1. Could you please give the count of residues in the range A:329-359 that are at pLDDT 85 or above and surrounded by fewer than 16 Cβ atoms within 10 Å (Cβ to Cβ)?
2. Any chance the range B:371-378 includes a residue that's modelled with pLDDT under 90 and either crowded, with 23+ Cβ neighbours inside 10 Å or within 25 Å of B:Tyr342 (Cα to Cα) (or both)?
3. Suppose we filter B:Pro584, B:Pro574, B:Pro611, B:Pro526 for residues that are on the phi < 0 side of the Ramachandran plot and not in a helix (DSSP H, G or I); which single one remains?
4. In the range A:185-194, is there at least one residue being modelled with pLDDT under 85, in contact with a strand residue (DSSP E or B) (Cβ under 9 Å, 6 or more places away or on another chain) and among the polar types (S, T, N, Q)?
5. Testing B:Val204 on (1) of a type outside the set (Ser, Thr, Tyr); (2) away from every other protein chain (no Cβ under 13 Å); (3) touching a residue at least 60 places away in the same chain (Cβ under 8 Å), one condition comes back false. Which one is that?
6. Give the residues of the range B:257-309 that are among the hydroxyl-bearing types (Ser, Thr, Tyr) and closer than 17 Å to B:Tyr464 by Cβ, sorted by residue number.
7. Among (1) more than 9 Å from every other protein chain (Cβ to nearest Cβ); (2) free of Cβ contacts under 8 Å to residues at least 40 places away in the same chain, where does B:Phe222 come up short?
8. Within the group B:Phe155, B:Phe145, B:Phe128, which residue is over 30 Å from B:Lys483 (Cα atoms), of a type in the set (Phe, Trp, Tyr) and touching an Asp or Glu at 6+ places or on another chain (Cβ under 8 Å)?
Amino acid sequence: MFCHNAWLSQIACVVIRMFEVRFSGRKVLGLLLVVSALFSAKLAFAANPLYTLAASLDAPTPSTARPAFKLQLPDAGFERELKIADLGFAEGAELGALGGTQTFYFPIARAARYTGATLNLAYEAATPLAGQRSLLVLVGERVVASRKLLAGSDAQRISVALRAEDLRGDFVKLSVRYSGLLGDQRCFDARRANDSLRILPDSSLQLNVAKESLSQVQNVLALMPSRVAIGMPERVLSEAESAAVIAAIRLFRQRGQQIEVLPLAQLFAKPAATSGSWRRGVVAVANAADLRSLQSTAALPATAPANVSSWLFADGPGLLLSGSDPQLATNFLAARWAGAGEGRAFTVVHNQRSALQGERISFDQLGIASPVLDVAEQQSWSVRINARDLPAGRWPVALDLDIGMGADGHAQPAVANVFLNGRYLDGRIAAREGITHIHASIPRGLIGLDNELRVVLQRQPTGGDCRELSPAYPAQVLGSSSLQLSESATPDADFFSLAPHASEQLTVYLRDSLPLASQAQALRSIGLAAAQLSSAAAPLQVKRVSAAQIDKLPAAFIAWGDFDFSRNTPPLRLDQGKVLLATREGRELFKLEPGQSSLLAQVISVSGQAAGVWLHASGASADWPQPEAIDLDRGNVAFINQGGVATALSTERERLIEVRYPEAHSWLDWLERYRAWLVVAAWLLLTLVVLMALRRMYARKQPHDQA
Amino acid sequence: MTKPERLSLSAGTPAANAPRLGDVLLERGLITPAQQARALDLSRSWRVRFGEVVIAMGWTKSLDLFRTLAAHLGAPFVDLLAEPPDAALLHAEDAPQYMAQLLIPWRKRADGVLIVATAAPGEETTAFIARKWGLDVEIVITSKFDIIWTIQRSFDRIQSHDAVHSLSERDPLMSAKQIITPEQLIFIYALLSLLALGLIVSPVATLIAANTIMGLWYLGNFIFKGLLVWHSEQAQDAEGDQLSRAAQALRDEDLPVVTVLVPMFREPEVLPILTHALRNLQYPRSKLDIKLVLEAGDHETIQAAQALGLEGIFEILRVPPSHPQTKPKACNYAMRFARGEYLVIYDAEDKPEPDQLRKVVAAFQRSPANTACIQCRLNYYNAHENWLTRMFTLDYSLLFDLLLPGLERLKVPIPLGGTSNHFRLDVLRELNGWDPFNVTEDADLGIRLTQKGYRVGVIDSTTYEEANVAIGNWIRQRSRWIKGYMVTFLVHTRRPIHLVRATGIGGALGFTFFVGGTVLSALLNPLYWLMLLLWTLSHASGFERFFPPLLGYLSLFNLLAGNGAFVYLSMLAPLRRRWVDLVPYSLSIFAYWGLMSVAAYKALWQLVYKPFYWEKTQHGLSTHTAAELAKAKAAMQEGNQ
C-alpha cells in the first residue's frame, strides 16, 4: 500500500517498502508493495525538494549564489521525439512476401498531459513487378493512414497528427500492415514475390508534453530522451554516491539510452540556445551542499536514505538522486513496481529482493510474455532470455516449451520448430488438441548472456493453389514454458556466467587512490559493464580499498584499477609487459603496451568459476576509450576501444588465437617462442650422439670381424 | 715324492678280507662308534658312500678321510698342492669331466704309464679311466679339495675367460655385452626424430598422440597385472598341497645331488645364517654340493668362511679377478665346478624353507620335460622392521605370490628372482649360464630359457631374505634391478619376430608389459604426478589442450581405477599369507612408487654411463639379521659340542 497526498500540500513523501513473496504453488513470484507514510507539510516545507523545484520552475528567488541566468521550462512545454531506432530497431524494420504486420510500442508517460502528438512514418518500398500493394497504418486499433504502394522503388514519409485518445496508457501502439498481390496471378508463392517494405529507423512519434507534466518523476522517467547525462559533483564521491552513479548508468543503459557522465556544474550551465526540444535527459547525484553551491535555493531532506525528485536542469527536466544511499532510489525505479512511486518526489527507504530458486524456472517467472498471434501459414515468436534473470548457481540444461494453438478444424497439423541463438533445438508436429509440449536439451555452451529463443509455427496447405486456403488460428508460447536448470551445468568462466550472481548483489571495488580526474570515466565504464552483467534493480555495493589484493572475493564483483589478482591467475597478465594477441601462426591481431591508452576487461575466477570482472585502464585518462556500451558476453578477456568491445576471447577455449607476452621472460613463454629451434637443436644433438655411437659400434665390430 | 705302486684297474675297492672303512676310521680314532653306526645307517638310507657321509656330517676332516681311504685301499695318497700334476697332461676341455669324476691325470711315468689321482675311487671311476686313457694306468688317491683346487689353478685363465665371454662369444645376440645394437639405435633414433618432427609441425596433436599411447600403455599394464593375479589365484593352494605331499614321498636314496651356489662379496657377517639354514634343509647332506663363491680379492670373507670350519660339503671357490666383477660372472665360474644334477643359487643371508630342495626335485619330476628352472618364492623375515621393509614385503608378496604364478599359467616368459631359482645344470651349461654383463642376470636368464624353448615353473616354497632397511641401500639395489630390466628389455627385443615366434604373441606382450612396463611406469609416473600436482595446486590452465575429453577420461580412469587396482592387489598379496597387519600399509604405496621412480632415473643414468656397474646391496643392516646371526651361531656351537 502506498499513499500520496503530495499535490494538495505540495509535499509527497512516500516511503515504499518492497518485498516479493510467492503467492502461488507454481512458484510464480509476485510483488507486494507496502508501507507508505505521509508527513506533515509544514514540518518538511523548508526541506522539501518539490518546493524548491516549484520555486525554480516557476519563480526562483534571487540569491547571491544563483547563476546569472534563469532556468525555466518553456510555457509551451517540451517537445519529445521518440524514434523507432530508440526502441531497438536501429536498422528499421522490413516486411516482404507481400504481407505482414510490424508493431511498435512507443513508451509514453501515462500521467502526462500532451498538447500535441505527431506520427512520422518514413518508409521505402520496392518491387520489380507491377502489383497491387498497400500499406495500412494503425495507432492502437484506429487506422490513421493508408497508402497504395507503387511498382519500382519508392520512398515516402507519412505525417499524421494523433488524437488525445491515442495517447492513453503506457504505450502508443503503432502497427504497420503490409499486403499485396501481383497482377492477375491469383495464386503464387508469395515467398518468392521479391518485394520489400522497409520502415526507416528515423520514423518517430513526436510528443508535445505539457509544462506541468514534467514536474512528475514518473513522467520524466518515462519520457527521458535517448541521450542521458549522469551528473555528479566534482569531488571524490562517497561509496554510496558512487554506487548511485553506477546504478543510474546501469539503469538507463539497460533502457537503451546513451550515457555520458558530466560534472554537475555543467548541467546547470546556461544553454547555448533555448530550445523547446528535449534532447538530453539528466540524472544527477548530489547532496544539498552540492546543490546549494549551484543554486542557493536548493534544499533537500537531510536524513532520508534515498530521494528521487524531478528537477530542472539546463537541458530540461531531469531527476535528482540524493540521500545517504541514493542507489536505493535507482533500484526502485528499475523495479517492476516503479510505477508505485508518484509525485514530484519520493523517498525510498528499503528495497528487498527475493531471488529465484529451484530446478525449474517458468517464462512467467522470467517475465516473458509472448503475444497471441494468428497463424495462417507461418508465424514466429522471438523470446529473449537474459542470463541476468537466471538464479545464481544453476544453468539451463533443457527447455520445456508449451505452445497453445487454437483449433481450426483443419486436417493437416501444424509443425513447431524451436531455435535457440540460431541453432535448431527440436521440432514437433503439433498436438491436434490441447497444448503442444516440446522438450529439448540445451547443448552446453549455447546459452550466453542475451539469448534469443525463436519458435516457428507453420502449416503447409495440403491442396496447394488457393482453393484450400487454410484458416488462420491463434497461437501463443505459454508462460508455463520453462527452463530446466542444473547445478552441475555451470558454464565456463565467461563474462556472461557472472550475470546470475551479479543480479543478486554486485560489489564494486575501487582503489582509494583513484584520482578525481579519472573518477567520472571509471564510474561510467563500471556502470556500462554493470548494465551488461547485472539487473538494474540489483543492489550495488561500492568499496574503496587501499590494498591491491582483495582478501575474500564476493560472488560477483567488478574491480577497477591497479589490483593484484595474481593469486586468481587472471587470463591476461598485465605485469608481464607488452601483451600481444596473435594467431597461432604469429600474425599480430592486437597489441597492448604499457603506457598505451586502453581499457581491458577480464574475468577473475575463484575455483574455476567466474567471480568478477576486472576493468583495467592504462595510459592517460583523457585518452581512455569511452564507448557507448561495453558488451561483455562470451570470453574471459575483452579488449575495449572507442567502438566498444573490439575483441573478446576465451583464453581457455580459444584455439586459433593466443595471448603472448613478448617482453615476458618466463621459461614457458621462452619455450613456446623458440620451440621449433629447441627441437631442432635437440634433434641435431641426438643425431650427433647417435652417429658417434654408431661409429664406435662399427669400430669395435671391425677388428672383431677381422679376427 | 713317494713312488706310487701300480694298481690294477680293479683297484678302488678294498680286498674282500680287508676291514671296512668305518672300522679303520674308528680304529684310528677319527670317528666314534656312534658316528660309525649313524654313518652306516645314513649311507644305506642315502645310498652314498660311507666316507661321503662322515665328511658331509663334519665328523672327520676331509684330508684324514682320504689318507685313511688310501691306506684302506692300499694306494698311495698324493698331496696335489705339494706335488702338482704335469701341466702337459691336463686339457681344459676335459675339466668338466675331471670335476664330475673327481679325478685328474697326475703324471706319466718313464715307462709311459699314466698316473691318475682320484678322490672317488671305485668301479665307476675305474671304468671311466679305462674308457678315457686305456688300461695302462695307475691310480693314486687324493682329496676332493686337492682335485678342485688343482683344476681351478690349472685352468684359471681359461675358466675365467669362459665365465665372462662364454655367452657373448657363442650367442652374441643374447648377450648384453653390447647393450644396444646399431639396428636398435637407429630405430630409437627414428622414433625420436618422428617425435621431434611432430613437435615442430603440430606440437599439440603430437603430445596428444604420445599421451594417448601412454594412457593405453598404462591401461594395458593395469589389465595385464589384473589378469596375472586372476590366473594365479586359480587352484594355487591345491597345487601347493599336492607338491608338498609329493616332496615328502620322495626317498632319500632317489634324491639327486644338488649344487648350491652362494655368491658373496664382502659380507662375511651373514655367512653363518646361510650355513645354518643349509644344514637344516631336509635333504641328504652328502648330496649337497655347496660352493661359497668368493672373489679372490675378498680376503675378509674368505678368512671368515675358513674360520667357520665348515663341513666337507662346503667348498670355497675363489673367483679370479676380471671385468666385469658381477655376481653372474662369479656364478658362471662356479658353475664349471658344479657336480649336481640341479643347481640353485642362494644369497648369503637367505633362509630357504627346509623342504625346498625336495619340493623342487618333486616339481621337476612332475613337470614337463622341457622344464629347466623352478623358481621359489622370496619374502622377508624382517618385514615388520620399518615402513620400507613392510612396503618391500608387500612388493615381493605381490610379485612372487601373485604375479609370477600368473606369468607361469599364461606362459609368459618369467623374469627370475635373484635367488632360489633351481636349474637343471645341463640346460644351464647348454645356455652358457648367466649373462655377466647383465645386472639382473636372473631375469634375463628366465626370458632366455623361454626363448630357447624351455619352461620355468613356480612353486609354493619360500626363501626368506633380509629386506633392505635403509632407503639409500634400497635405492641402490632397486636401481640395479631396474637397470637390469632395461638391459633385459633391450636384449630380448633385438629380434622381435623371433621373440613372438618363441614365446607367442601373449608371451611377447606379457614380456613387454612386465619388464618394459615396470621400467616405463617408474620413469613416466613422476611426469604425470607433476602435471597432476601443478594442475591441482595452481589451477593452471593449458593442460586441457593435451587432454581432450576421451583421453581425459582414460587418464582419469588410469589414475583412479588403475592405481586403485594396484593398491587393491598390494592388499591381496599379504592377505594370502595372513599378514593382515601389513594390509593398511598398501595405502602408502604411492610413496614407495616415488622411491621406485628415483631408482628408475638413477638406473637410466647408469645405463648410459655405467651399464655393467654392479650396485652392491649391503646386507646385515637389519636388527633381525643380527638376531638370526646370533641364533645361527648358537646352533653351530651346539652342534660342535
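1. The number of residues fulfilling the criteria is 1.
2. First, pick out the residues of the range B:371-378 that are modelled with pLDDT under 90: B:377-378.
Now drop any that are not either crowded, with 23+ Cβ neighbours inside 10 Å or within 25 Å of B:Tyr342 (Cα to Cα) (or both), which leaves B:377-378.
Among the residues of the range B:371-378, at least one is modelled with pLDDT under 90 and either crowded, with 23+ Cβ neighbours inside 10 Å or within 25 Å of B:Tyr342 (Cα to Cα) (or both), which makes the answer yes.
3. Details: B:Pro584 fails: not in a helix (DSSP H, G or I); B:Pro574 fails: not in a helix (DSSP H, G or I); B:Pro526 fails: not in a helix (DSSP H, G or I).
Sole residue among the options that is on the phi < 0 side of the Ramachandran plot and not in a helix (DSSP H, G or I): B:Pro611.
4. Within the range A:185-194, one or more residues are modelled with pLDDT under 85, in contact with a strand residue (DSSP E or B) (Cβ under 9 Å, 6 or more places away or on another chain) and among the polar types (S, T, N, Q).
5. Unmet for B:Val204, out of (1) of a type outside the set (Ser, Thr, Tyr); (2) away from every other protein chain (no Cβ under 13 Å); (3) touching a residue at least 60 places away in the same chain (Cβ under 8 Å): (2).
6. Within the range B:257-309, the first condition is being among the hydroxyl-bearing types (Ser, Thr, Tyr), and the residues that meet it are B:259, B:275, B:283, B:286, B:301.
Passing the criteria: only B:Thr275.
7. Only one criterion is unmet by B:Phe222, namely (2).
8. Values: B:Phe155 fails: touching an Asp or Glu at 6+ places or on another chain (Cβ under 8 Å); B:Phe128 fails: touching an Asp or Glu at 6+ places or on another chain (Cβ under 8 Å).
Result: B:Phe145 is the single residue among B:Phe155, B:Phe145, B:Phe128 that is over 30 Å from B:Lys483 (Cα atoms), of a type in the set (Phe, Trp, Tyr) and touching an Asp or Glu at 6+ places or on another chain (Cβ under 8 Å).
The values are calculated or read from the model by the stated rules, or taken from the named source; none is laboratory data. Predicted model, so just to flag it, every value in this text is computed and none were measured. Note that each Cβ is placed from the backbone with ideal geometry, even for glycine, and that neighbours are counted across all protein chains shown.
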